[in-house]
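Trainee: If you scroll down you'll find the structure; I have some questions about it.
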Amino acid sequence: MSGAASTGTGEVWVVIGASSSVGRAFAMEAAKAGADIVLAARDLEDIEASAADITVRTGQRAEAVHWDATAFDDHDAFVADVWRFAGTRRLNVFFAAGTMRNQDEAIADFSIARQIVEVNYLAFVSVATRLEPGLRAQKGGKVVVLGSVAGDRGRRLNFVYGSAKAGLHAFLGGWRSRLQPDGVTVLTVKPGFLDTAMTWGQPGLFLVATPQGAAKACLKAANKGRNEIYYPAFWRLIMLIIKSIPEVLFKRLSI
Amino acid sequence: MKWKDVALTGWGRTSTARTQAARAERRGEIETAFNEPGGEGLIAYGAGRSYGDVALNDGGRTMLTGRLDRMLAFDETTGLLVCEPGVTFKDLAETFLHRGFVAPVSPGTAFATMGGALANDVHGKNHWSAGSFGSHVEWFDLALPSGEVRRVSPEGDAELFDATVGGLGLTGIVTRLALRLTKVTSSNVVVREARAPNLSALMERLVETHGRDTYSVAWIDALASGPSLGRGVVEAANHALSGFERAKPKRAKRLPVDLPGVVLNPASIGLFNALYYRRIPADGRERTVDFPTFLYPLDALGDWNRMYGKRGFFQFQCVLPYEEAEAGLRKLLEVIGEARSASFLAVLKSLGEAGRGMLSFPRPGFTLALDFPRKSGTAELMARLERIVLDHGGRIYLAKDAALSAQGFRMMYPELPRFRAVLDRVDPDRRMGSDLSRRLGIRSDA
């Protein structure tokens with residue numbers, strides 16, 4: 001297959017959770033900016049199509065690699081594959097894997113609760129710890145991770161998911177500090193409501209933002225070396241208010 | 001699949017459907033949708049740029065295909081592009097224009113999708129030389145109502161191919177298609193514009209472009225009457241000899257509110273049309289513009305459909321065979337003029353060979369298109385126009401339509417029995433359906 005002439009920046013982004021609409025949109029943005037791309041997700045046929053799309057539209061190299069969030073034992077081999085693709089080029093990481101399930105089902109069935117925690121939290125711990133030696137050795141690179149406003153405070157309707165994202169946020173806070181001396185930046189992204197397959201058909205959403213907008217904001221913030229962003233930005237204010245509600249009152253709220 | 005209650009409208013905003021919609025993000029989801037219960041039928045909805053109810057399914061189900069918009073392979077030597085149905089003409093321009101390839105046929109908006117272009121067998125300003133969209137499609141993958149996905153080509157299953165090209169989405173949902181792009185010499189076109197003082201002069205000037213110019217279109221001042229009836233401007237264009245630039249992703253200006261109905265009145269529209277005519281010098285002019293600017297003039301105003309206010313507008317487009325065209329067009333323009341209901345400019349083009357789809361709109365003749373703001377009396381006017389079209393052996397374009405009668409439809413589309421036979425074969429349980437298919441009695445006489 002032939003594509004447009006590559007203008008390459010000589011960088012590589014691995015996009016984990018690349019079947020998600022934000023992951024897909026981010027991969028395209030990064031490729032348009034001149035990076036080569038590794039797409040990782042469980043649905044290989046889907047991400048192969050996205051890889052082809054990147055190459056046809058931008059001329060950048062893109063490769064699809066199978067990655068199962070909870071197959072932790074396979075993550076060593078996955079990370080080795082990613083480094084092989086990057087070669088001597090700088091590797092950057094975009095992590096968009098996540099799952100949202102019905103809260104009541106998760107409470108009634110531990111296997112669902114466990115899946116929520118594993119995919120939204122443990123999967124990142126697994127990949128991050130395995131990527132760390134290489135990231136530190138290359139003395140640079142950007143890591144962008146999708147957290148959630150749901151991780152800012154446990155709410156009655158969504159706390160299993162929220163607690164996993166809260167764990168993710170805490171991990172990122174410490175990891176950012178640990179990698180800082182080596183020049184690796186870590187960006188925590190806290191999206192509000194995005195118009196994705198995850199939120200399609202959910203009641204009570206407002207001011208839903210597009211995955212393309214989120215992807216652009218992520219790339220811009222990563223290039224600026226930001227630590228944390230909310231997207232859309234007004235969610236910082238909403239969450240400030242939600243966090244400031246005293247617990248005696250908050251526990252009575254059915255949100 | 002997750003199904004969500006939504007309200008969808010056509011571009012003209014005269015038709016609205018309450019429907020259960022799912023939004024496919026992966027091809028596999030389309031196949032599974034057919035296996036889920038839900039009795040009222042399913043239709044695909046892409047960019048929402050069809051004017052009437054062809055992609056609406058009130059009370060039924062709708063598959064939104066806009067996010068299936070990936071390009072899967074492109075061969076520079078043959079120009080063959082394999083892509084998903086949600087890819088738009090805008091995507092094509094941004095990806096390929098600077099590389100020397102363009103869509104072989106393009107409708108008047110770049111926001112339309114490939115799936116929609118196939119289902120309506122769209123035509124462009126080069127129909128005389130290039131035919132309609134379907135003649136540039138090598139094959140497509142079709143998710144049949146049974147859930148089976150089949151690759152369909154003219155060599156393999158010509159009946160199903162010809163039923164799907166221009167088939168209004170009723171044979172299933174296209175999940176991939178292979179389209180031959182056209183190689184061009186430049187991303188710019190040289191456009192010649194000339195005035196024509198009346199209808200016969202305008203028609204003559206359009207016919208003169210055949211075989212000489214790649215693209216041609218005319219704009220008619222539909223409010224001019226008497227000796228000036230049918231006066232207008234003819235644009236003929238050809239690709240420049242060299243020079244490739246990227247399609248600039250222009251930000252369309254937005255119209256943040258619906259304009260109140262009074263803004264567009266016969267006086268303001270008449271003034272606009274007269275100015276449009278007089279801006280061209282009497283001896284014509286020539287200019288070089290980038291290709292998308294020539295093809296998609298209305299896209300510069302993002303949601304121009306809001307100009308017609310909350311009640312929306314009907315678009316009327318018909319084709320009249322060459323031998324009947326002048327008499328028919330004269331009649332149409334007279335009735336439209338009397339009704340004082342016409343819109344901005346009307347568009348006149350000349351068409352070549354008929355499309356290969358059983359319900360393809362194009363056939364040799366002149367095609368006239370114009371908008372009518374919806375108000376009292378518009379329905380009666382549309383019915384009168386339908387009658388005139390029938391009297392002159394013409395047909396109305398279903399991608400634009402929200403007003404045609406079932407009886408008129410049957411007379412305009414004589415291949416309907418063949419089309420029905422294919423539907424009976426691939427969709428015996430009537431799992432596909434749309435507001436248009438019910439209004440026109442496509443599955444069975446109403």
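Trainee: How long, wide and thick is segment B:346-446, going by the Cα atoms along their three principal axes, in whole angstroms, largest first?
Mentor: 40, 35, 20 Å, listed from the longest principal axis down.
Trainee: On to the next question. Straight distance only, please: which lysines reach the Cα of A:LYS32 with their own Cα at less than 27 Å, same-chain residues fewer than 8 apart left out?
Mentor: The reachable lysines, counting only those whose Cα sits under 27 Å from A:LYS32, are A:LYS139, A:LYS142, A:LYS190, A:LYS216, A:LYS220, A:LYS224, B:LYS90, B:LYS183, B:LYS248, B:LYS250, B:LYS253.
Trainee: For segment A:14-145, would you read off the P(r) tail past 24 Å as a percentage of all alpha carbon pairs? Show your work: numbers first, answer last.
Mentor: Values: 2471 of 8646 pairs.
Taking all Cα-Cα pairs of segment A:14-145, the fraction more than 24 Å apart is 29 percent.
Trainee: Taking chain B as a Gaussian network, Cα atoms linked when under 10 Å apart, which of B:GLY156, B:GLY108, B:GLY124 shows the biggest mean-square fluctuation?
Mentor: B:GLY156
Trainee: Take peptide A:47-53, look around each residue's Cβ out to 10 angstrom, count Cβ atoms belonging to other protein chains, and average those counts.
Mentor: 5
Trainee: Average projected area of the Cα convex hull of segment A:73-215, in nm²?
Mentor: Over every viewing direction, the Cα hull of segment A:73-215 projects on average to 9.4 nm².
Trainee: For chain B, give the share of DSSP beta bridges that are antiparallel, in percent and rounded to the nearest 5; count only bridges with both residues there.
Mentor: Antiparallel bridges make up about 85 percent of those DSSP assigns within chain B.
Trainee: Report the Cα-based extents of segment B:1-151 along its three principal axes, largest first, to the nearest Å.
Mentor: 45, 34, 23
Trainee: Roughly how crowded by other chains is peptide B:64-75, in terms of the mean Cβ count from those chains within 10 Å of each of its Cβ atoms? Working shown, then result.
Mentor: Working: counts 1, 0, 0, 6, 1, 1, 11, 7, 9, 6, 8, 2.
Taking the mean over all residues of the peptide, I get 4.
Trainee: So how many Å³ per residue does the convex hull of the Cα atoms of segment B:263-323 work out to? Could the numbers behind the result be given before it?
Mentor: Numbers: hull volume 10.8 nm³, N = 61.
Dividing the Cα hull volume of segment B:263-323 by its residues yields 177 Å³.
Trainee: Using a 10 Å cut-off around each Cβ of peptide B:20-31, what is the average number of partner chain Cβ atoms that fall inside?
Mentor: That average works out to 3.
Trainee: Quick one: with all protein chains in place, what share of the accessible area of the protein assembly as shown is carbon or sulfur, to the nearest percent (1.4 Å probe)?
Mentor: On the way: 15150 of 28270 Å².
Its accessible area is 54 percent carbon and sulfur atoms.
Trainee: Quote the charge dipole size of the protein assembly as shown about the Cα centre in Debye, to the nearest 20; the model charges only the Cβ of Lys and Arg (+1) and of Asp and Glu (-1).
Mentor: On the way: 87 positive and 76 negative charges, 521 e Å.
Roughly 2500 debye for the protein assembly as shown.
Trainee: Could you state the number of Å between the C-alpha centres of segment A:73-108 and segment B:176-255?
Mentor: 51
Trainee: Also: Can you tell me the relative contact order of chain A? Whole percent, Cα pairs under 8 Å, sequence separation 6 or more.
Mentor: 18
Trainee: Set the Förster distance to 45 Å, then compute FRET efficiency between A:VAL248 and B:ASP258 from the Cβ-Cβ distance, nearest 0.05.
Mentor: On the way: r = 47 Å, r/R0 = 1.05.
So, using R0 = 45 Å, E works out to roughly 0.40.
Trainee: Taking the radius of gyration and the Kirkwood hydrodynamic radius from Cα positions alone, what is the Rg/Rh ratio for chain A, to two decimal places?
Mentor: 0.97
Trainee: When the C-alpha atoms of the protein assembly as shown are aligned to their principal axes, what extent does each axis show, in angstrom, from largest down?
Mentor: Projected onto the principal axes, the Cα atoms of the protein assembly as shown cover 83, 54, 53 Å.
Trainee: To one decimal place, what Kirkwood hydrodynamic radius in Å is obtained for segment B:122-208 from all pairs of distinct Cα atoms? Intermediate values should be presented prior to the final figure.
Mentor: Values: mean 1/r = 0.0629 Å⁻¹.
One decimal place: 15.9 Å for the Kirkwood radius.
Trainee: A follow-up question, please. May I have the convex hull volume per residue, in Å³, for the Cα set of chain B?
Mentor: Roughly 135 Å³ of hull volume per residue.
Trainee: Nearest 20 debye, what's the magnitude of the dipole of chain A about its Cα centre given +1 on Lys and Arg Cβ and -1 on Asp and Glu Cβ?
Mentor: On the way: 29 positive and 24 negative charges, 256 e Å.
My answer is approximately 1220 debye.
Trainee: On to the next question. Over all pairs of distinct alpha carbons, what does the Kirkwood formula give as the hydrodynamic radius of segment B:214-319, in Å? The partial results should precede the final answer.
Mentor: On the way: mean 1/r = 0.0602 Å⁻¹.
After inverting the mean inverse Cα-Cα distance, the result is 16.6 Å.
Trainee: Sticking with this structure for a sec: How large are Rg and Dmax for segment B:369-418 when only the alpha carbon atoms are used, in Å?
Mentor: Cα-based Rg and Dmax for segment B:369-418 come out at 11.4, 37 Å.
Trainee: What do you reckon, how do A:TYR231, A:TYR161 stack up by accessible area (1.4 Å probe), largest on top?
Mentor: Solvent-accessible surface, decreasing: A:TYR231, A:TYR161.
Trainee: Loop only per DSSP, at most 15 neighbouring Cβ atoms within 10 Å: give me the chymotrypsin sites (Phe, Trp or Tyr not before Pro) in segment A:202-255, ordered by residue number.
Mentor: On the way: sites: A:PHE206, A:TYR230, A:PHE234, A:TRP235, A:PHE250; in loops: A:PHE206, A:PHE234.
The qualifying sites are A:PHE206, A:PHE234.
The values are calculated or read from the model by the stated rules, or taken from the named source; none is laboratory data. Because the structure is predicted, anything quoted here is derived from the model rather than measured. Glycine gets a Cβ as well: all are built from the backbone with ideal geometry, and neighbour counts include every protein chain shown. Surface areas here come from the heavy atoms of the whole protein model, side chains and all, with no ligands, DNA or RNA. Shrake-Rupley method; radii C 1.70, N 1.55, O 1.52, S 1.80 Å.
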